[in-house]
Amino acid sequence: MKVSIIVPAHNEEQGLPATLASLLAQRQPAHQIIVVDDGSTDRTGDVARSYGVTVLCPPHNLGSKAKAQNHALPHCEGDIVLAVDADTILAPDYIEKLTPAFDDPAVAIAAGNVQTRFTRTLWERGRSTEYLFGFHFHRPIQAAAHSPMVCSGCCSAFRRDALLAHGGFPERTIVEDMDLTWSLQLAGRKAAYVGDAVAWAADPETLPYLRKQVRRWMAGFFQNVRLHLPRLLTRKPMLALWVCLAILEIVIAPFWWTTPALLTFLWHVPAAHALAWWSGTEFLLITPPLLYAARRRRLPFRHVLTNLPCVYATRAVNTYYAWKALITELLLVPLNLAQPLTTYEKGRSNTPTYQPRHARPRKQTPNNPHHQRLRTPNNQPIIHSNTNTPNTNDRTPITTESSDRSEPIKAPNGPQPCLRRSPP
């Protein structure tokens, strides 16, 4: 199968080299790599062209990742379209391990295992724990039931004909990956999770950017609940079960967090005993999946357990914005008392604030001055660019229009004026 890769990029000069280097280092080479320079004001386009990939330049900033991807979709020639974020690095065997999922003709979408690139700050450490737990506990269970709740948009692959028939990447919600995952399953197609295909995403390193990202994720989740849940209940009940369990977890989270206080003040349980019971229960529920994940990813157990307390900081942020989205998107918006979230803000800054030792520039190799060998936290070799810094930039606040594509996207008849290819 031929694979076409789309990389939407807005002001990604700093982080794009690492992503492109990892794509060019795939053991199963992609048929084409397309970077959409979506109204960048930095050297994003020049950086992309220096790697010999195709660069598309829309006449203006399109306003969202989905729109940028749809701009590139008519130019894709492969059987499979792989969407990769400009701050995500793929393992060298990612395509090799992901494409066999499409041997089943019913599979229309597939994605791998996403982990954090760095664990430097409190927020990155918390997100690392969330990813280890979710991608080694929740996702395998959902995949075994043939109903993954979401194929992560930073590294998802799609059967091109199914994507075109659906009208491309949906632009009606703020999270196109979940919308497309649910829509394709409702249409009778399958979604696949491939745990052995690993990607590393650069996650928010500060609270302000974590808040932006989580706000978008939670609002998008409830936008999709409002849009799809009635049909999921009748046509895809197992997927509806996971969605309802996620909503239930959001609803009861504040009560579970305050359980020690409730036990102390309402049932007069000694505070130390209440806290010990709550902490012990949390430890027993969370630790086994984390230790399994550490073993799978070849991470030191001590490192994983040290990061465990940090997850409660990210959970607090998740719970706040989940409740806010539940009230706004699920209750107030249908009553016309509020507007849905339409502003696309990515949780990364323009200027990197920290560069870990293992990602700092090294001496160029004579054979390939663009690439250098690095290792991920689990000691697997990856490709980094010697001009790259680990952080990527934030898409400036831009507004998406709520729209629902209904007509299939057609390939262009001839070359587009915004298409610029690098010289061979």
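Tabulated data for the structure shown
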{"quantity": "Conditions (1) assigned to a loop (DSSP other than H, G, I, E, B); (2) surrounded by fewer than 16 Cβ atoms within 10 Å (Cβ to Cβ); number of the one not met by LEU341", "calculated": "(2)"}
{"quantity": "Every residue from the stretch 285-302 that is in contact (Cβ under 8 Å) with a residue 60 or more places away in the chain and either part of a helix (DSSP H, G or I) or of a type in the set (Ser, Thr, Tyr) (or both)", "calculated": "ILE286, PRO289, LEU290, TYR292, ALA293, ALA294, ARG296, ARG297"}
{"quantity": "Identity of the residue in the stretch 288-304, surrounded by fewer than 19 Cβ atoms within 10 Å (Cβ to Cβ) and under 24 Å from the mean Cα position of the chain (by Cα), that ends up farthest from HIS136 (Cα to Cα)", "calculated": "HIS303"}
{"quantity": "Tabulated pairs, the stretch 7-29, first touching a residue at least 24 places away in the same chain (Cβ under 8 Å), second among the acidic types (Asp, Glu) and part of a helix (DSSP H, G or I), C-beta under 8 angstrom, 6+ apart or interchain", "calculated": "GLN26/GLU96; ARG27/GLU96; GLN28/GLU96"}
{"quantity": "Residue that is farthest from the chain's Cα centre (by Cα) [pool: residues in the stretch 79-98 that are crowded, with 23+ Cβ neighbours inside 10 Å and among the charged types (D, E, K, R)]", "calculated": "ASP87"}
{"quantity": "Qualifying strands (runs of 3 or more DSSP E) (wholly inside the stretch 65-122; at least 2 residues being closer than 20 Å to TYR51 by Cβ and touching a Phe, Trp or Tyr at 6+ places or on another chain (Cβ under 8 Å))", "calculated": "80-84, 88-90"}
{"quantity": "LEU232 aliphatic (A, V, I, L, M), touching a strand residue (DSSP E or B) at 6+ places or on another chain (Cβ under 7 Å) and in a helix (DSSP H, G or I)", "calculated": "no"}
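Yes or no, residue by residue, for (1) basic (Lys, Arg); (2) free of Cβ contacts under 8 Å to residues at least 40 places away in the same chain; (3) over 25 Å from ARG117 (Cβ atoms); (4) not in a strand (DSSP E or B):
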position	(1), (2), (3), (4)
ALA157	no, no, no, no
LEU163	no, no, yes, yes
THR173	no, no, yes, yes
SER183	no, no, yes, yes
VAL194	no, no, no, no
GLN213	no, no, no, yes
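Laboratory data are not the source of any read-out in this text; all were calculated from the coordinates shown. These numbers come from a predicted model, not from an experiment. Here Cβ is always computed from backbone atoms with ideal geometry, including for glycine, and neighbour counts include all displayed protein chains.
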